[in-house]
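Have a look at the structure below before the remarks.
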Amino acid sequence: VAARVLVVEDEARILRALSALLRAAGYDPTGAETAEDALRAAALRPPDAVLLDLRLPDGGGLDVCRRLREWSEVPIVVVSAAGDEAEKIAALDAGADDYVTKPYAPGELLARLRAVMRRAAAPPGEPPLVTFADIELDLAAREVRRAGEPVALTAHEYALLAELARHPGRVLTHEALLRSVWGPGYAGETHYLRVYMSRLRRKLEADPARPRHLVTETGVGYRLRL
Amino acid sequence: VIGKPWAGYVAGALGTATTTGVLVVASGHTNVTSLAVCYQLVVLAVSGLFGAGAGLATSVASVLAFNWFFLPPVHTFTIADSRNWVALGVFGATALITSQLAGGFRRQRQEARERERDAQLLAELARSALSDLGPGTSESVMGAAAARALGVQGCAIVRDVRATGSRAVRLSASEGGFAIPLIAQGRPLGLLEVGSPLSGQEPRWRRPGFAAAVAGLVALALERGELLAQALQTESLRRSDELKSALLQGVSHEFRSPLTAIRTASAALSEAPEAPDAPALLRVMAEETDRLERLVANLLDLSRLEAGAVSVRLDWCAPVELVAEALEAARPLLGEREPVVSLTDDLPLVRADAVLCERILVNLLHNAALHGRPPISLDARTAGGRLELVVSDAGSGVDPELAPRVFDAFVAGSNGGGTGVGLALARGLAEAQGGTLRLETAPRGARFVLSLPLGRVPEVA
């Protein structure tokens, strides 16, 4: 059965093109043009994923995001205007799983959608073992190995890595990371993240200058790409 | 002690007493009347050092002392010998004249010193009015400079005279504070309110004409600030006008060519959807759409920049991350031309807007891919308290004639996918976050340098 994708987009022409694109990629798209439509459609026929434009005529897409999250764990990818990082951060805070920037490349959009749906299908709970490249992270034993050899991490380095690994593939905002690793008093101290990410990359990335797994999301946060 | 008003009188008394003492001891050996000359020395010294008043008092004291101690009968103020009357008269007159002359000389010297100080203070004020006070310099800065010159606790510049409200403003000089009208070229500009004098100091506005000179300078500075602000506004209007006309000329071409390509390709496809070159036509449509998209994004950003509507969020950024993200974002634009990156990972954090930096670097990389020749390289270095990110290529470089205008919109024109606004936008974005973007002369190819100020990175535990 094709996975159902609820597409919330107020421009009829974009909606039509997007639906065609999703159908071609093997999904079963449903369209909604307003926030109200979207919430009703999601309630009547719960989708497997939501593609949500944040700029809707009746009330913000952010609100749709928040209200969907009240009762549903459905993966949400928001479509945000270029250059508005604050909007992206707000959407992630409101429960969105990922974002693409408008105008998006179709391939990029499909890749993001696939990724969030794969994550949603993963068994719930903390994964005992997270692996990427030659790195093995054992969350239960609090151990990190690189090519089988243990890697020595400081407490904060480990906490940062573990926080990212608990949400593999997800963008975690600067503020969220600072709060959970250093505490609420550090929410604005972005330089801590910069310094610690650089130390982590030196220990874990093949080329710390071109990180492939500990990825920067410019102006928003970081993500662990598996 | 020398500055105190009573010091002269004390010195006069001491001098007279000492001279008298010395003369009493020495008087046995000499003609008494000739001793009077010694008193003249005291009078001269006191009037020269302390002014005519103290000199006059010293003259009187010496005449009396001379009479009392030396003119027979001694220890009375009576004089027996009439010749001694003449001597005393001449002595008194000489002392008087000496004291007045020396006092007058001293006054003149003092006046000259004061004038020199006036001139010096006014010059200082003029200098700060010319250098520190540009457009938008706060009037409080100017007020402080005027207060320094006038030797008062503070000065306030009131531009809107109605702002003084019902408060009475005294226009005649007074220790309790007063105001001087500020007038430049006959146009009233406001009031200079002068506060009370610094404690224990003679306020300088007592000097004749000094306060008026200060007010004149302040008025000139205010007027100059207004003119500069006007000039800046005119300049930015002119630039925005220039930009608009450049946009109109450039935009029509830049928009038309991809639109034409897309329309032609789509018409061809709807005529013959199954034609063998359909995939190629679709590719043209996708590429031209990308180009339009970049053009629109750059134009929007450029006009936002011109309108001052770009929000700059400065935060600590890692140069390595800025570069990695820019390379990631530029990858679709660069195709096979993978840039050569040489970065050391000990570069300090820089305070910048990561999103804007990424836009700048992507534009520079795209520019290098379009107009230069591979290998494109991206380096970072620190130099003179700045972080410099350098994008260079190995092409033929920027035409020297074009170089001065390379950052103007639509100057370079575009060949194959350029939008003509990328560099203008990149420079604007660099400046919006306190950085600079410049074209450097390189032995080969073009070399663009994004330079960002390094701040003091807070400690990380």
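List the number of the failed condition for A:Leu68; all other conditions in (1) farther than 26 Å from B:Asp353 by Cβ; (2) touching a Lys or Arg at 6+ places or on another chain (Cβ under 9 Å); (3) of a type outside the set (Val, Ile, Thr) hold.
Of the numbered conditions (1) farther than 26 Å from B:Asp353 by Cβ; (2) touching a Lys or Arg at 6+ places or on another chain (Cβ under 9 Å); (3) of a type outside the set (Val, Ile, Thr), the odd one out for A:Leu68 is (2).
B:Glu274 - would you say it is more than 13 Å from chain A (Cβ to nearest Cβ) and either within 27 Å of A:Thr216 (Cβ to Cβ) or not in a helix (DSSP H, G or I) (or both)? Break it down into steps so the answer makes sense when it comes.
Numbers: more than 13 Å from chain A (Cβ to nearest Cβ): yes; either within 27 Å of A:Thr216 (Cβ to Cβ) or not in a helix (DSSP H, G or I) (or both): yes.
Taking the combined requirement at face value, the residue satisfies it.
Can you find even one residue in region A:121-137 that is within 21 Å of A:Arg199 (Cα to Cα) and more than 22 Å from the chain's Cα centre (by Cα)? Outline the logic, then answer.
Initially, region A:121-137 is screened for residues within 21 Å of A:Arg199 (Cα to Cα), giving A:130-137.
Filter once more, so that each one left must be more than 22 Å from the chain's Cα centre (by Cα): A:134.
Checked against the condition, which is being within 21 Å of A:Arg199 (Cα to Cα) and more than 22 Å from the chain's Cα centre (by Cα), region A:121-137 yields at least one hit.
Just the residues that are without any contact (Cβ under 8 Å) to a residue 12 or more places away in the chain, within 30 Å of A:Tyr192 (Cβ to Cβ) and not polar (S, T, N, Q), please, taken from region B:284-339.
B:Ala324, B:Glu328, B:Arg331
Return a yes/no flag: does region A:95-105 have any residue that is farther than 26 Å from B:Ile360 by Cβ, outside any helix (DSSP H, G or I) and in contact (Cβ under 8 Å) with a residue 60 or more places away in the chain. Spell out the reasoning first.
Of the residues in region A:95-105, the ones farther than 26 Å from B:Ile360 by Cβ are A:95-97.
Remaining after also requiring outside any helix (DSSP H, G or I): A:95-97.
Restricting the remaining residues to those that are in contact (Cβ under 8 Å) with a residue 60 or more places away in the chain gives A:97.
Yes, that holds for at least one residue.
Could you tell me how many of the residues in region B:11-37 are of a type outside the set (A, V, I, L, M), closer than 20 Å to B:Phe77 by Cβ and at pLDDT below 85? Outline the logic, then answer.
Step one: filter region B:11-37 for residues of a type outside the set (A, V, I, L, M), giving B:12, B:15-16, B:18-21, B:27-31, B:33-34.
Checking the rest, the ones that are also closer than 20 Å to B:Phe77 by Cβ come to B:12, B:16, B:19-21, B:27, B:33.
After this cut, where a residue has to be at pLDDT below 85 as well, the list is B:27, B:33.
Residues that pass the stated criteria total 2.
Can you pull out the residues in region A:174-193 that are in contact with a helix residue (DSSP H, G or I) (Cβ under 7 Å, 6 or more places away or on another chain) and either crowded, with 20+ Cβ neighbours inside 10 Å or within 12 Å of chain B (Cβ to nearest Cβ) (or both)?
Hits for region A:174-193 are A:His174, A:Leu177, A:Leu178, A:Val181, A:Trp182, A:Tyr186, A:Glu189, A:Thr190, A:Tyr192, A:Leu193.
Is it true that A:Ala155 is more than 20 Å from the chain's Cα centre (by Cα) and surrounded by fewer than 18 Cβ atoms within 10 Å (Cβ to Cβ)? Walk me through how you get there before you give the answer.
Numbers: more than 20 Å from the chain's Cα centre (by Cα): yes; surrounded by fewer than 18 Cβ atoms within 10 Å (Cβ to Cβ): yes.
Against the criterion (more than 20 Å from the chain's Cα centre (by Cα) and surrounded by fewer than 18 Cβ atoms within 10 Å (Cβ to Cβ)), A:Ala155 qualifies.
Can you tell me which condition B:Ser311 does not meet? The list is (1) in a loop (DSSP other than H, G, I, E, B); (2) more than 11 Å from chain A (Cβ to nearest Cβ); (3) of a type outside the set (D, E, K, R), and all the others hold.
With (1) in a loop (DSSP other than H, G, I, E, B); (2) more than 11 Å from chain A (Cβ to nearest Cβ); (3) of a type outside the set (D, E, K, R) applied to B:Ser311, the lone miss is (2).
Being more than 12 Å from the chain's Cα centre (by Cα) and either buried (at least 18 other Cβ atoms within 10 Å of the Cβ) or touching a residue at least 60 places away in the same chain (Cβ under 8 Å) (or both) is the filter here, so list the residues in region A:106-120 that pass it.
Of everything in region A:106-120, those that are more than 12 Å from the chain's Cα centre (by Cα) and either buried (at least 18 other Cβ atoms within 10 Å of the Cβ) or touching a residue at least 60 places away in the same chain (Cβ under 8 Å) (or both) turn out to be A:Pro106, A:Leu109, A:Leu110.
Between residues in region B:340-368 that are facing another protein chain (nearest Cβ under 10 Å) and assigned to a helix (DSSP H, G or I) and residues that are crowded, with 23+ Cβ neighbours inside 10 Å and acidic (Asp, Glu), which pairs lie under 7 Å by C-beta distance while being six or more apart or on different chains?
Note: pairs meeting the criteria are B:Glu358/B:Glu325.
Among the residues of region B:295-305, is any surrounded by 21 or more Cβ atoms within 10 Å (Cβ to Cβ), farther than 18 Å from B:Asp379 by Cα and at the interface with chain A (Cβ under 10 Å from one of its Cβ atoms)?
Checked region B:295-305: at least one residue is surrounded by 21 or more Cβ atoms within 10 Å (Cβ to Cβ), farther than 18 Å from B:Asp379 by Cα and at the interface with chain A (Cβ under 10 Å from one of its Cβ atoms).
Run down B:Ser240, B:Ser252, B:Ser236 and say which single residue is under 20 Å from B:Ala409 (Cα atoms), surrounded by fewer than 17 Cβ atoms within 10 Å (Cβ to Cβ), modelled with pLDDT under 80 and within 26 Å of the chain's Cα centre (by Cα).
Values: B:Ser240 fails: within 26 Å of the chain's Cα centre (by Cα); B:Ser252 fails: within 26 Å of the chain's Cα centre (by Cα).
Selected residue: B:Ser236, the only one of B:Ser240, B:Ser252, B:Ser236 that is under 20 Å from B:Ala409 (Cα atoms), surrounded by fewer than 17 Cβ atoms within 10 Å (Cβ to Cβ), modelled with pLDDT under 80 and within 26 Å of the chain's Cα centre (by Cα).
For region A:189-203, which residues satisfy the criterion of being more than 15 Å from A:Ala159 (Cβ to Cβ) and without any contact (Cβ under 8 Å) to a residue 12 or more places away in the chain?
Our first condition is that a residue be more than 15 Å from A:Ala159 (Cβ to Cβ); within region A:189-203, this holds for A:190-191, A:194, A:198, A:201-202.
Correct list: A:His191, A:Arg194, A:Ser198, A:Arg202.
Report the residue count in region A:199-213 for those that are buried (at least 22 other Cβ atoms within 10 Å of the Cβ) and at pLDDT 90 or above.
The number of residues fulfilling the criteria is 3.
Only one of (1) at pLDDT 85 or above; (2) buried (at least 20 other Cβ atoms within 10 Å of the Cβ) fails for B:Glu111. Which number is that?
Here B:Glu111 clears every test but (2).
Any residue in region B:261-276 that is without any contact (Cβ under 8 Å) to a residue 40 or more places away in the chain and touching a Phe, Trp or Tyr at 6+ places or on another chain (Cβ under 8 Å)? Step through it out loud before you land on a result.
Start the filter on region B:261-276 by keeping residues that are without any contact (Cβ under 8 Å) to a residue 40 or more places away in the chain, which leaves B:261-276.
Still in the list and also touching a Phe, Trp or Tyr at 6+ places or on another chain (Cβ under 8 Å): none.
The answer is no; no qualifying residue exists.
The values are calculated or read from the model by the stated rules, or taken from the named source; none is laboratory data. Computed from a predicted model, the values in this text were never measured in an experiment. Cβ coordinates were reconstructed from backbone atoms using ideal geometry, including for glycine residues, and neighbour counts include every protein chain displayed.
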